[in-house]
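The values are calculated or read from the model by the stated rules, or taken from the named source; none is laboratory data. Keep in mind that what you see is a predicted model, and the values were worked out from it rather than measured. Heads up, the Cβs are rebuilt from the backbone with ideal geometry, glycines too, and the neighbour counts pull from every protein chain shown. Heads up: the accessible areas ignore ligands, DNA and RNA and are worked out on the full protein's heavy atoms, side chains in. Shrake-Rupley method; radii C 1.70, N 1.55, O 1.52, S 1.80 Å.
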Amino acid sequence: MVMVAVILFALLLLAFAVGAYGVALYNGLVDAKHQIDRAWSNIDVLLKQRHDELPKLIDVVKSHAGYERELLDKLTALRTRAGSGAPDAHRLATEGELSRGIGQLLATAEAYPELRASASYLELQSRISALEEQIAHRREYYNAAVNLNNVRMEQFPDVLLVGLAGLITRPLFAAEAQEQADVSVGALLAR
């Protein structure tokens, strides 16, 4: 009788340990999912600030002679298209294209001395550059959270609880082909 009680107690203890391990795995998966949401929310705050600053920068550039109309129209369209919402692949690509367009606008503006001398332009340039830098840092955190999520979706025994925890594969912020290409410093200095 004592032997049966000891075996039952051991089985009960084993069942409790397996259950506790399952709960810990599930909670870890839920935490991974929410880290992505938190990371995206941090990026989204900066993207909204950038979207608020961009029309001001475009207006300042327009007010000076010789502005690049096609580039300004492109940025305005990208800003509208980016909108807001979840970090799906389309939104991430649009935001990346918008960042490149802003960089191109700031570089193009260097050709106009009266624009570079404008206090409002310099202030907006500084604010947008700071926002772009912060966005880049937060993209790193977002990508780390996405990577953790995506890896855990494939690991055993986590894969057994993925559906229950509601995890889905998330897209990474990725550099476009032109961003990965080598930069010709000589060409930039020749301008």
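At least 2 residues being among the hydrophobic types (A, V, I, L, M, F, W, C) is the threshold, and among the helices (runs of 4 or more DSSP H) wholly inside the range 69-153 those reaching it are 69-82, 89-109.
A Cβ distance below 7 Å, combined with a sequence gap of six or more or placement on separate chains, defines the contacts here; from the range 11-22, residues that are among the basic types (Lys, Arg) reach no residue that is in a helix (DSSP H, G or I). Can you tell me which condition Leu172 does not meet? The list is (1) at pLDDT below 80; (2) in a loop (DSSP other than H, G, I, E, B), and all the others hold. The number of the failed condition is (1). Quick check: anything in the range 11-25 modelled with pLDDT of 90 or more, aromatic (Phe, Trp, Tyr), within 23 Å of Asn149 (Cα to Cα) and open to solvent by 30 Å² or more (accessible area, probe 1.4 Å)? So far as the range 11-25 goes, yes, one or more of its residues are modelled with pLDDT of 90 or more, aromatic (Phe, Trp, Tyr), within 23 Å of Asn149 (Cα to Cα) and open to solvent by 30 Å² or more (accessible area, probe 1.4 Å). Report, by residue number, each residue of the range 146-176 that is under 18 Å from Ala39 (Cα atoms) and charged (D, E, K, R). Passing the criteria: Arg152, Arg170.
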